[in-house]
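The values are calculated or read from the model by the stated rules, or taken from the named source; none is laboratory data. Note that the structure is predicted; figures quoted are calculated from it, not measured. When we count neighbours, we look across all protein chains shown, and the Cβ atoms used for this are built from the backbone with ideal geometry, even at glycine.
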């Protein structure tokens, strides 16, 4: 493994973000606006119905929940499909493929470089702020579970992103597909409302999908609103999903390599 090349990919991504500060900050700002809109909507729901709590969530709990969700979204960016789409559009996909590095890993580390900046500048500070104002006492189990959940979520989002990216070799323009995928993740992963707001049967079904670990489960773990048994179940089922998705990604990449090879002649 050419470690230097992958570290270089991380460094290059960080430098690109720092060079285009306006685009980077604008992206974070729009994500914040989306979360702020959800806060306004749920504030209207709570105040309009005059309920003090919904499924154990008070209005301040909802504020904290979406604050943590925003921190998580700052590092779940699914950059791989955008990188692959750009490479296909400018015709450099074949050039990058022939370099003496593992192309999927190179894409991963390029995306990680962008996300690392978000983690340091946005994710961690917001989580510290949320922890301070919530006065929550995280146990060693909760901290360990939260870290594992975030790592699993990042891996799952990265693999899903790579799968979508391979489709650019056939469809070229995949921005709409990326947006649809993110909409599904937000709806089914707790980005619009906590999953425990759903009826029990639907909630259990959603916890079986790979999207719950992306936002809802780590946010609920951080806030202490989820049981240890549910945490362990989510980590287990998400690990299975990651293995399955990696298998599908391997098949998809093998097919994509054939398309690249045939295009090169």
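Of the conditions (1) in contact (Cβ under 8 Å) with a residue 12 or more places away in the chain; (2) in a helix (DSSP H, G or I); (3) more than 21 Å from residue 231 (Cα to Cα), residue 125 fails just one. Which one is it?
With respect to (1) in contact (Cβ under 8 Å) with a residue 12 or more places away in the chain; (2) in a helix (DSSP H, G or I); (3) more than 21 Å from residue 231 (Cα to Cα), residue 125 is out only on (1).
Can you give me the number of residues within the stretch 132-158 that are free of Cβ contacts under 8 Å to residues at least 60 places away in the same chain and in contact with a helix residue (DSSP H, G or I) (Cβ under 8 Å, 6 or more places away or on another chain)?
Result for the stretch 132-158: 0.
For residue 111, are the conditions met, namely being closer than 25 Å to residue 154 by Cα and in a helix (DSSP H, G or I)?
Yes.
Any residue at all in the stretch 230-239 that's outside any helix (DSSP H, G or I), more than 14 Å from residue 155 (Cβ to Cβ) and either within 20 Å of the chain's Cα centre (by Cα) or modelled with pLDDT of 95 or more (or both)?
Among the residues of the stretch 230-239, not one is outside any helix (DSSP H, G or I), more than 14 Å from residue 155 (Cβ to Cβ) and either within 20 Å of the chain's Cα centre (by Cα) or modelled with pLDDT of 95 or more (or both), which makes the answer no.
So in the stretch 188-206, with the set limited to residues that are out of contact with any strand residue (DSSP E or B) (no Cβ under 8 Å at 6 or more places or on another chain) and assigned to a loop (DSSP other than H, G, I, E, B), which one is farthest from residue 32 (Cα to Cα)?
It comes out as 199.
Considering 221, 201, 166, which residue is out of contact with any helix residue (DSSP H, G or I) (no Cβ under 7 Å at 6 or more places or on another chain) and at negative phi?
When all the criteria are applied, what remains is 201.
Taking into account only those residues within the stretch 48-57 that are touching a residue at least 12 places away in the same chain (Cβ under 8 Å) and surrounded by fewer than 16 Cβ atoms within 10 Å (Cβ to Cβ), which is farthest from residue 224 (Cα to Cα)?
By that ranking, first place goes to 55.
Does the stretch 168-206 hold any residues that are without any contact (Cβ under 8 Å) to a residue 12 or more places away in the chain and either surrounded by 19 or more Cβ atoms within 10 Å (Cβ to Cβ) or farther than 30 Å from residue 63 by Cβ (or both), and which are they?
The answer is 171, 176.
How about the stretch 207-224: which of its residues are crowded, with 18+ Cβ neighbours inside 10 Å and either assigned to a helix (DSSP H, G or I) or touching a residue at least 60 places away in the same chain (Cβ under 8 Å) (or both)?
207, 213, 214, 215, 216, 217, 218, 219, 220, 221, 222, 223 - these are the residues of the stretch 207-224 that are crowded, with 18+ Cβ neighbours inside 10 Å and either assigned to a helix (DSSP H, G or I) or touching a residue at least 60 places away in the same chain (Cβ under 8 Å) (or both).
Being farther than 21 Å from residue 77 by Cβ, modelled with pLDDT under 95 and in a helix (DSSP H, G or I): is that true of residue 250 here?
Spelling it out, residue 250 is indeed farther than 21 Å from residue 77 by Cβ, modelled with pLDDT under 95 and in a helix (DSSP H, G or I).
Might you let me know whether the stretch 25-38 holds any residue that is surrounded by fewer than 20 Cβ atoms within 10 Å (Cβ to Cβ) and over 22 Å from the mean Cα position of the chain (by Cα)?
No, because not a single residue in the stretch 25-38 is surrounded by fewer than 20 Cβ atoms within 10 Å (Cβ to Cβ) and over 22 Å from the mean Cα position of the chain (by Cα).
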